[in-house]
Amino acid sequence: MDRVLIPAQGHSGETVFVFKNHIERVIAERKIQTFRRSNGWVKSEDWKDPRREEKSDYHGPERRFCRTVNCALFPLPIAQQLRKGHSVEMILGYGERAREIALKLKSVANTNLSVMLQGKTGTGKGVAGLVLHELSNRRDGPFIKVDCGAIPPTLIESELFGFQKGSFTGAFRSKPGRFQLADGGTILLDEISNISMDMQTRLLGFLEERVVDSIGGTSPIKLDVRVISASNVDLKDRVATNQFREDLFYRLSEFQIDLPPLKERADDIFYLATKLLWMANHELKKEVFGFSEEAIDFLSSYDWSGNIRELRNLIRKATLFADEVIEVEHLLGNVCERETTGSLDSCLENAFVKGRSLREMNDVIRKVAEKRIIERVYEESYKNKKRTCAALGIDYSTLYRKIKEYAIG
């Protein structure tokens, strides 16, 4: 995969992470002195691309990503990417959770089941809805997205179901509703939790009969529409508090897909970051070729409360300010100061991207586990060091050193 990050070192000894397909160029321009392969560091002057040799036994760090990706397709709309050969995984990611979502989308695509997409803001519900449409046999029909939270309650009925000329003050012409526009295709009702109880009743009627009655109309219209809904809140909680109709919930969620927050997808952080950097380079006409080591550490430990949307915005702004490599300063300048915490998965991904050995990865696991254990016991002992030492079976000097090493408050 051309977007894999390869660890490299500049002539002054600083560590950077370079796109694989940029290695040849940055070597020619003498921007790096050595780079990392699975068998150790290679001097740039000694490098020959083994993939160009007749006998190839290339086993570099990118072997894990042994897939062919046409990076030139990334700036295109998702529908065009899929139709030109990109897989669902290339769009969503190759991590475990992303592959689970891709499998569910493929399984339900060619059915007429109503699909509910649930996930926090920025997790990619709109993208998943569009992918679902493109995988279905309705792909040649329209895809209509409706943001239910952006339409005033007084207008949403006319927006969804349409109206006839003269049906109310200001109706100077007839207008088809979004359901009519989506006939033969798919409609995505985003932020479905925002619609009123009256509108929920009207929507339930449509789902049962697949017939619309426009405001002021006299002839019902039969439609063939696939309904996908999305919500950033758990609708089961809304049902429990009588804020959302239970019968409508079950009509909308004949098949449900939960999209996890980005912090639970540590194995996709660097894939998405490099993909988004490629797209930002194309959009901004830049040639940023990688990340510094500090930037890699930041990406793997940040909490990503804004999820993929926050990551995309962060990479775009950092690319705008960077010359050749994204430094941590370019990232820090675009986010609120929030504490960064590295999960075990994110630490392992960080170590893998850096080309660490098995022994070094084991050391990472040990340190993460050790820090968590000490933090927990320290908190449960009400930060009493004597009790913590007794519980952990270590002496005071060891505890003091560990607290300082791991910056435990």
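For this structure, a couple of remarks:
- Backbone HN-Hα couplings from phi across the range 234-246 [Karplus 6.51/-1.76/1.60, Hz, Gly and Pro as x]: 6, 5, 4, 5, 5, 5, 5, 9, 6, 9, 9, 5, 5
- Quarter of the Cα convex hull surface for the range 357-405, i.e. its orientation-mean projected area (nm²): 3.4 nm²
- Residues 396, 378, 94, 406, arranged from fewest to most other Cβ atoms within 10 angstrom of their Cβ, appear as 396, 406, 94, 378.
- Estimated dipole of the range 357-405 in Debye, rounded to 20 [Cβ of Lys and Arg +1, of Asp and Glu -1, Cα centre]: 140 debye
- Taken one residue at a time, the phi angles of the range 259-269 give Karplus couplings (6.51, -1.76, 1.60, θ = phi - 60°) of 9, x, x, 4, 5, 8, 10, 4, 6, 10, 4 Hz. Gly and Pro are set to x.
- Radius of gyration over Kirkwood radius for the range 64-136, both on Cα atoms: the Rg/Rh ratio is 0.95.
- Burial ordering of 246, 159, fewest other beta-carbon atoms within 10 Å first: 246, 159
- Rounded to the nearest 20 debye, the dipole size of the range 96-262 about its Cα centre is 360 debye, using +1 on the Cβ of Lys and Arg and -1 on the Cβ of Asp and Glu.
- Surrounding net charge for residue 151, when Lys and Arg each add one and Asp and Glu each subtract one, Cβ distance under 11 Å: -4
- Listing 332, 262, 272 from fewest to most neighbouring C-beta atoms within 10 Å gives 332, 272, 262.
- With contacts taken as Cα pairs under 8 Å and at least 6 residues apart, the range 96-262 reaches a relative contact order of 35 percent.
- Extension gain, residue 379 back to residue 361 (0.36 nm per residue minus Cα-Cα distance, nm): 3.8 nm
- R0 of 41 Å, Cβ-Cβ distance residue 369-residue 321: FRET efficiency to nearest 0.05: 0.65
- Cβ-based net charge around residue 189, under 10 Å, with every Lys or Arg adding one and every Asp or Glu removing one: -1
- Gain upon complete extension [residue 294, residue 313; 0.36 nm per residue less C-alpha separation]: 5.0 nm
- A compact globular protein would have a Cα radius of gyration near 2.2 N^0.38 Å; the ratio found for the range 118-188 is 1.31.
- Shape analysis of the range 212-320 yields a ratio of the Cα radius of gyration to the Kirkwood radius, Rg/Rh, of 1.18.
- With contacts taken as Cα pairs under 8 Å and at least 6 residues apart, the range 109-208 reaches a relative contact order of 30 percent.
- Amide H contacts of residue 145 (H built 1.01 Å from N, in plane; Pro and chain starts excluded): 188 sit under 5 Å, all sequence-distant by 5 or more or on other chains.
- Label-reachable residues, the range 109-153, where backbone N falls under 16 Å from a point 7 Å from residue 256's Cα toward its Cβ: 114-120
Values quoted throughout were computed directly from the atomic coordinates according to the rules given, and no laboratory measurement underlies them. Computed from a predicted structure; not experimentally measured. Don't worry about glycine lacking a Cβ; one is built from the backbone with ideal geometry, like all the others, and counts go over all protein chains shown.
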